[in-house]
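The values are calculated or read from the model by the stated rules, or taken from the named source; none is laboratory data. Just so it is clear, the model here is predicted, and its values are computed rather than measured. Cβ coordinates were reconstructed from backbone atoms using ideal geometry, including for glycine residues, and neighbour counts include every protein chain displayed. The accessibility values were calculated without ligands, DNA or RNA, using every heavy atom of the protein model including side chains. Shrake-Rupley method; radii C 1.70, N 1.55, O 1.52, S 1.80 Å.
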Amino acid sequence: MTTTEKILEVIGAKIRPALQSHGGDIDFVGFDDAAGQVTVRLTGACGGCPFAQETLRRQVEAVLKQEIPEIMTVTRE
């Protein structure tokens, strides 16, 4: 399984359901293997939320880094 496939699996199983329960969602934009950087887009209620950066750091980045050690950082588009 590639890193991208792992990322998509974790987003679908662990991150998206939590965001959707609050009216938001997340789109995977890409993964830079050399930098270990995942880029996502927060949509729905999460897209314009003043706490979006905190959600990105505390929920999205924390879960992805815990599940996939090669991820160093998560940014949003």
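In the frame of its principal axes, region 16-60 has Cα extents of 33, 16, 16 Å, reported largest first.
The modelled label-to-label distance between Thr43 and Met72, using points 7 Å beyond Cα along the C-beta direction, is 2.9 nm. Compute, for Glu5, the solvent-accessible surface of its heavy atoms (probe 1.4 Å) with the complete set of protein chains present, and express it in square angstrom to the nearest 10. My reading of the accessible area for Glu5 is about 100 Å². Gain in length, Glu5 to Ala35, computed as 0.36 nm per residue apart minus the alpha-carbon separation, to one decimal in nm? Using 0.36 nm per residue and subtracting the Cα-Cα distance, I get 9.1 nm.
Cα extents for the chain along the principal axes, largest to smallest and rounded to whole angstrom: 31, 21, 18.
Please report the net charge: other residues with Cβ closer than 13 Å to the Cβ of Val60, K and R +1, D and E -1. Kindly include the intermediate steps, with their values, before the conclusion.
Values: positive: Lys14, Arg16, Arg41, Arg57, Arg58, Lys65, Arg76; negative: Asp25, Asp27, Glu54, Glu61, Glu67, Glu77.
Net of charged neighbours comes to +1.
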